[in-house]
Amino acid sequence: MQGLQTLDWIVISLYFSVLFGIALWVVKQKQKDTTDYFLAGRHIAWFVIGASIFASNIGSEHIVGLAGTAAKSGVAMGHYELHAWCVLLLGWVFVPFYMRSKVFTMPEFLEMRYSPTARWFLSLISLVAYVLTKVSVTIYAGLKPLEIPAVLVAGHGPFTWGKTPSKSVENSLILEKVAKMALRALQINPELNRLPEYILKKHYQRKHGPDAYYGQKKKGDKK
């Protein structure tokens, strides 16, 4: 998989610029206390709050990651999300307690219960963990579908796609041929090892990306 390109960095920069501008505009609004900041003065409808929680939690790691894991190992991975009722149960138990404590965030509660050091520790750990487990996955989860136009699913038929229906059929035939080659290779040598990662990257990058050279038209070639 190739790294971030110039256009990717431009989009990321624009995203953070817009996000910073919105945050700056919000800060300049009248915010008397933490209730105004965290709860918007308690003037927002419930569906707006729900949509905000959903949007901040769901990303490509769910849409791409969980779907890909389920395609690889089965739908058992989806059971993780089916246990969301535990969050509702915990909320029913702990929210009244937090409301009586008049706190709005977990770090704030730790400061009240223990010390300011505990608050800063949880805040820093949460930020680092979010970057490593959420942001990085969100950035690198998306693959270009036309560069990987086929996928094998355990216990299911293959999935292929392309720019046209005929190209999808062609990709299906190629996938079937490659699968037969892999099967026969394993039948000959069951202990056959996977190709090293650097070889896989070399074969991929020579056809895709700005430095691709395999099958590319040279200067002077007729179109």
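The values are calculated or read from the model by the stated rules, or taken from the named source; none is laboratory data. Note that the structure is a prediction, hence the values are computed from the model and not measured. Note: ideal-geometry Cβ built from the backbone for every residue, glycine included; neighbour counts use all protein chains shown.
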Those helices (runs of 4 or more DSSP H) lying entirely in the stretch 48-106 with at least 3 residues within 29 Å of residue 121 (Cα to Cα) and at pLDDT below 70:
none
May I ask you to list pairs of residues, at least six apart or on different chains, whose Cβ atoms are under 7 Å apart, with the first in the stretch 171-195 being in a helix (DSSP H, G or I) and the second being of a type in the set (A, V, I, L, M) and surrounded by 10 or more Cβ atoms within 10 Å (Cβ to Cβ)?
171/150; 175/150; 179/152; 185/192; 186/192
When only residues in the stretch 109-128 that are among the polar types (S, T, N, Q) and either part of a helix (DSSP H, G or I) or under 23 Å from residue 96 (Cβ atoms) (or both) count, which is modelled with the lowest pLDDT?
126
Looking only at residues in the stretch 196-216 that are surrounded by 11 or more Cβ atoms within 10 Å (Cβ to Cβ) and outside any helix (DSSP H, G or I), which one is modelled with the lowest pLDDT?
209
Across the stretch 132-162, which residue is modelled with the lowest pLDDT among those that are among the hydrophobic types (A, V, I, L, M, F, W, C), surrounded by 12 or more Cβ atoms within 10 Å (Cβ to Cβ) and part of a helix (DSSP H, G or I)?
141
